[in-house]
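We did not get these values from a lab; they are worked out from the coordinates using the rules stated. Only a predicted model underlies this, so the values are computations on that prediction, with no experimental measurement involved. When we count neighbours, we look across all protein chains shown, and the Cβ atoms used for this are built from the backbone with ideal geometry, even at glycine.
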Amino acid sequence: MEITDKMVAKTATKLSAEDIQKGKVLSVKWTPNLKYAWDNGPALGRYLAELKNGRIIAKKCNKCHRILIPPRMFCELCWVPTGEWVYVKDTGIVNTWVISYVDWKAGRLDIKGGVRPFTPAVIEIDGATKGMGILHLLNEVDPWKIYRGMRVKAVWKPPEERIGAITDIKYFKPVE
Amino acid sequence: MRRVAIVGAGLTKFYRNAQETPKELAYEAARMALDSCEMKLSDIDCVVMGTAPDAFDGVHMKGEYLADGAGAYRKPYMRHFVGGGTGVLSPIHGWFHVASGMFDTCLVVAEEKMSSAYPHPAGAFLTIFDHTTEQPLYPTLIWIFAIEMNRFMTTWGYKKEDIALVAVKNKRNALDHPSAQLGAEITVQDVLNSEIMAWPVNRLDISPTSDGAAAIVLAAEHVARRVTEKPIWIDGVGWCLDTAYWCTRDLYYPDYVEVAARMAYKMAGIKEPSKEIHVAEPYDPFTYKELHHIEGLLLAPRGKSVEMLKDGYFNRDGNLPTCPSGGALGVGNPISATGLMKIIEIFLQLRGEAGKRQVPGKPTCGLAQAWGDLMQVGTVVVMRS
Amino acid sequence: MALIERFQKVTDVTYWEGQIPMSYIYTVGRAGEKFFREMINGKIFGAKCNQCNLIYVPPRIYCEKCFERLEENYLEVGTKGKVHTFTQCYETYDGVRKEVPSIVAVIRIDGTEGGFVHWLGEVEFKDVYFGMPVEAVFKDKKEREGSILDIKYFRPIK
């Protein structure tokens, strides 16, 4: 048996987004009104509280000796509770990065109009075990001059604007 | 464990916007699969459903919603979900049911209707990231693909224009696929000139969002021999998840795909995958992913896949044709249905029923693979005629 | 293993707020297109499976029992039915107390296996009973838009 054009022809009916939005076919609209309050738990709770203080904190696994960031209550490799808290630096190196012309909902940024592309990166934090990275944004750098291994440092919001969030760090910028 | 064969297959057209409800799409694929092996719904002992996040179709408890369209009325029914890896987990899930001896037949259905989601289905991916440490940065799925592609390119010195050949190959292959949404004759230059989404990813490096469904019928050996002269055996299955702390993984190589592949190869008795696999459908939601996976599947040495691609090794008439269907890039990417479409392509190739897409040399062993979740799951199925 | 560190004070417990910022537009599908277009005409349609000898309301393109195609078998089923079961609801879907409770019933359309959930109107809760004959009350034609809400409610047949 081959699957042929004829067999699939009537399995689905092609529409355009306009056909739906302008009512060529009937449709129903719905916007879910669901909101969440996610418990931070002890590990992320302390992580966020320290971000408010302008510091980055990690946690150590006493079995594999990794210094884990973001901190977590158990080591996902050794499956044992983690040990002591360890402050790490707010500097690091770029592991990999992106020059993004789109926002989270795939909407295009007005690059021609002068909007700077987003430059998210995985940043390996100094003081954590090598390879332990976090996702954050880069700025104060020409997007096209970012390179692997570039040294960067956190740019913090002023203390009065910090709320205990990953965005208390505005972005990371290059340091030479 | 009993031997399990695929004996029938069905597939809808893939479109960016289909009128059909998710149930209706599931029905069309399931019905075609039953018809293809002249079976009735009453011949089916159990049903499994693969469908990815509820947030695409916008139906909470999508598995339950889809049950009757998938033919599961008053039958044992299970839904599974591992993001983009779902479609290739589907036959694995069905395989358990039959290999265990519990059921003789299983209808496996995969469905996705992404067009329901506004402002764009990409937005549904926001909530797969850690809600406290990552979501506040408003990441998109395209970012993490681009971030991985960049690491992959930087590690091996691969060039964008070389990776673009994957889009050229797959979209051309898709011209011969009846369900294809985006079959086209394009050039490397077209890929490089298409809009930048998130460097190094351009628009033509990405598979489209799609609506569609796929289905297969699995049978135990004694039933399979009765139903068809050309059963295609599921000889190896493997799957594996890596840590969700994705930033701490080295993104240039998908270790979890290798673990899944080794599991499937061991089960199928495959020692030298690059020689013993004749045709493969690695998951290609983005151009570089096909190469990333080819390396993870041990079908090419690490750092060598681009060279082989440029030599035509992965073309339909090459040594190891990959994505002869046209893949997610060409046929379309209704997430879970894409993985099952790949299984169906290998099924047809091994039966010699792929029509214009048939690869030469009468292949007898093939592989399909998918990938997903937070860049952490690999699912692999090895099939033989 | 046990996690050693625990919260000592309630005030140490923190949380992060968020939502899933999506909205949806669902097409009603092939069978739904027939059902809701006819709703505008003040009619209720079903689909008959000749093999299983039953009528689905709302209509479907397939029979869930035998998988036969039903797209050729759409038919008008009238607007009358019977109360299969019912309840009185004091809260909205998201848990807000209603000023006036509403009566919700499963209505079985006469001559069919099918039916749907809808409101009952022009009746007191204490007077509703299983098997009560009811009929659909449609909105004015001008206001109908091909929605389940084109039926305002079902009311007892006097």
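Points to keep in mind about this one:
- The dipole here belongs to segment C:27-156: it is taken about the Cα centre, uses +1 on the Cβ of Lys and Arg and -1 on the Cβ of Asp and Glu, and is about 120 debye.
- Sequence-ordered 3J(HN,Hα) estimates for segment A:131-143 from the Karplus curve with 6.51, -1.76 and 1.60 and θ = phi - 60° stand at x, 7, x, 10, 7, 8, 9, 10, 7, 6, 8, 5, x Hz, glycine and proline given as x.
- Fewest neighbouring Cβ atoms within 10 Å first, the residues C:ASP110, C:ASP150 line up as C:ASP110, C:ASP150.
- Considering all different alpha carbon pairs of segment A:41-174, the Kirkwood hydrodynamic radius works out to 15.8 Å.
- Mean-square fluctuations from a GNM of chain C, with a 10 angstrom spring cutoff on Cα atoms, peak among C:VAL106, C:VAL137, C:VAL123 at C:VAL123.
- In order along segment A:53-69, phi translates into HN-Hα couplings of 7, x, 10, 10, 10, 10, 9, 9, 9, 7, 8, 9, 6, 6, 9, 9, 9 Hz, rounded to whole numbers, per the Karplus curve 6.51 cos²θ - 1.76 cosθ + 1.60 with θ = phi - 60° and x for Gly and Pro.
- In plain terms, the residue of B:ILE186, B:ILE234, B:ILE343 with the fewest other Cβ atoms within 10 Å comes first and the most crowded comes last, giving B:ILE186, B:ILE234, B:ILE343.
- For peptide B:22-30, the mean count of partner chain Cβ atoms within 10 Å of a residue's Cβ comes to 5.
- Quotient of the Cα radius of gyration of chain B and 2.2 N^0.38 Å, N being its number of residues: 0.90.
- Residues B:SER305, B:SER336, arranged from fewest to most other Cβ atoms within 10 angstrom of their Cβ, appear as B:SER305, B:SER336.
- Simple label model, 7 Å out from Cα along Cβ direction - C:ASP110 to C:ASP12, nm: 7.0 nm
- Exposed loop sites here are trypsin sites (Lys or Arg not before Pro) assigned a DSSP state other than H, G, I, E or B and surrounded by at most 16 other beta carbons within 10 Å; excluding them, the longest clear run of chain B is B:160-270.
- In chain A, the longest principal axis of the Cα atoms and the axis of helix A:41-52 are about 80 degrees apart.
- Cut-off under 5 Å, modelled amide H: who pairs with A:VAL86 long-range: A:ALA58, A:LYS59, A:LYS60
- Most fluctuating residue given options C:PRO101, C:PRO133, C:PRO21, as computed from a GNM of chain C linking Cα atoms under 10 Å: C:PRO21
- Where Rh is the Kirkwood radius over Cα pairs, Rg/Rh for segment B:259-385: 0.92
- Calculated FRET efficiency for the pair C:VAL96/C:ILE40, C-beta based, R₀ 35 Å, to 0.05: 0.65
- Chymotrypsin sites (Phe, Trp or Tyr not before Pro) restricted to DSSP loop in segment C:128-158 with at most 12 other C-beta within 10 Å: C:TYR129, C:PHE130
- Cα coordinate range in the protein assembly as shown, projected on the principal axes (Å, largest first): 86, 69, 56
- The convex hull drawn around the Cα atoms of chain C, when projected onto a plane and averaged over every direction, covers 16.9 nm².
- Residue among B:ALA368, B:ALA184, B:ALA52 with the largest mean-square fluctuation in a Gaussian network model of chain B, springs linking Cα atoms under 10 Å: B:ALA184
- Applied to segment A:149-160, the Karplus parametrisation 6.51 cos²θ - 1.76 cosθ + 1.60 on θ = phi - 60° returns per-residue 3J(HN,Hα) values of x, 5, 7, 9, 9, 5, 10, 8, 5, x, x, 5 Hz, with x for Gly and Pro.
- Net charge dipole, chain A: roughly 120 debye, given to the nearest 20, about the Cα centre with Cβ charges of +1 for Lys and Arg and -1 for Asp and Glu.
- Of the trypsin sites (Lys or Arg not before Pro) in segment A:1-95, those whose Cβ has at most 11 other Cβ within 10 Å and which sit in DSSP loop: A:LYS22
- Taking one quarter of the surface of the convex hull spanned by the alpha-carbon atoms of segment A:123-176 gives a direction-averaged projected area of 4.4 nm².
- Sequence-separation-based contact order of chain B, relative, with Cα cut under 8 Å and 6+ spacing, percent: 26 percent
- Amide hydrogen proximity for A:LEU109: with H placed 1.01 Å from N in the peptide plane, the residues at 5 or more positions away or on another chain lying under 5 Å are A:VAL102, A:ASP103.
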